[in-house]
Amino acid sequence: MLKTLIHDKKFEVYLTSMQIQQRLKEIAGKISKDFEEEHLVILGVLNGSFMVMADLSRYLTVQVSCEFLKISSYAGTESTGKVTSVFGLNLDLAGKSVLIVEDIVDTGLSMRYLLDELQKQNPKKISIMTLLFKKEAFRYNYNLDYVGFEIPNKFVVGYGLDYDGLGRNLPDIYQLCTS
Ligand code: IMP
Ligand code: MG
């Protein structure tokens, strides 16, 4: 299925499931090396990261605890520019190495917010893994430790990412058609 219609919009395949899995294996290799001998807390940001978490975690060879929290800042195909809710911050991260796992970093606002919230718990270290990164849209200057793919500033769906609630279950990632 190279094209798909979601709600009122046409999307075309941008990254295939195979490309995604290949890249996740590479990144999992790096993470496993960087956290050798360590106990790592991987913290998935719901809803978008559920696919990345499920696949990435299976490629990791270090001991991990899988945790999730929920954050939301998006409506339709434009960022609303504010974080509307965060649930599940009652984790004990003091002294722990934490890897935040995201589907996408766009403006970077949600991640900035999360970093500030998580720092309050005095973790040993916070690292960031994001499958997709819209570099042109990024408005901050913190470091993203592991990036799957840098992508243009266009709306994408699939593999966890939604367009108004739909498309998350697609195994490939689709980009909004321009025509
Ligand atoms: P940011 O706060 O602007 O970096 O946006 C982060 C969140 O917005 C992500 O975790 C996604 O849930 C959502 N988002 C950003 N870009 C897209 C997109 O192209 N498609 C679907 N969701 C997106
Ligand atoms: Mg997300």
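The values are calculated or read from the model by the stated rules, or taken from the named source; none is laboratory data. All figures in this text were calculated on a predicted structure; none of them were measured in a lab. Please note: Cβ atoms are built from the backbone with ideal geometry, for glycine as well, and neighbour counts cover all protein chains shown.
From the residues in the range 29-62 that are assigned to a helix (DSSP H, G or I) and touching a Lys or Arg at 6+ places or on another chain (Cβ under 8 Å), which one is nearest to residue 72 (Cα to Cα)? Selected residue: 50. Here 98, 147, 83 are screened, and the one residue that is surrounded by 14 or more Cβ atoms within 10 Å (Cβ to Cβ), more than 25 Å from residue 32 (Cβ to Cβ) and either of a type in the set (S, T, N, Q) or in contact (Cβ under 8 Å) with a residue 12 or more places away in the chain (or both) is 83.
Taking the range 83-105 as the range and being at pLDDT below 95 and either within 16 Å of ligand 2 (Cβ to nearest atom) or within 12 Å of the chain's Cα centre (by Cα) (or both) as the test, the residues that pass are 83, 84, 85, 86, 87, 88, 89.
Within the range 111-127, the set of residues being surrounded by fewer than 20 Cβ atoms within 10 Å (Cβ to Cβ) and within 16 Å of ligand 1 (Cβ to nearest atom) comprises 112, 113, 115, 116, 117, 118.
Of these, 20, 42, which one is within 17 Å of residue 169 (Cβ to Cβ) and not charged (D, E, K, R)?
Numbers: 42 fails: within 17 Å of residue 169 (Cβ to Cβ).
After ruling out the rest, the residue left standing is 20.
If a residue has to be charged (D, E, K, R) and closer than 27 Å to residue 121 by Cβ to count, how many in the range 1-50 make the cut? Explain how you work it out, then say what you get.
Initial filter on the range 1-50 (charged (D, E, K, R)): 3, 8-10, 12, 23, 25-26, 30, 33-34, 36-38.
Of the ones still in play, those that are also closer than 27 Å to residue 121 by Cβ are 30, 33-34, 36-38.
Matching residues across the range 1-50 total 6.
Restricting the first residue to the range 13-41 and requiring it to be farther than 27 Å from residue 92 by Cα, which pairs with a second residue that is of a type outside the set (D, E, K, R) and part of a loop (DSSP other than H, G, I, E, B) meet a Cβ separation below 7 Å and a spacing of at least six or different chains? These pairs meet every condition: 13/2; 17/171; 20/159. If you take the residues of the range 138-178 that are of a type in the set (Ser, Thr, Tyr) and modelled with pLDDT of 95 or more, which of them is nearest to ligand 1 (Cβ to nearest atom)? The residue in question is 163.
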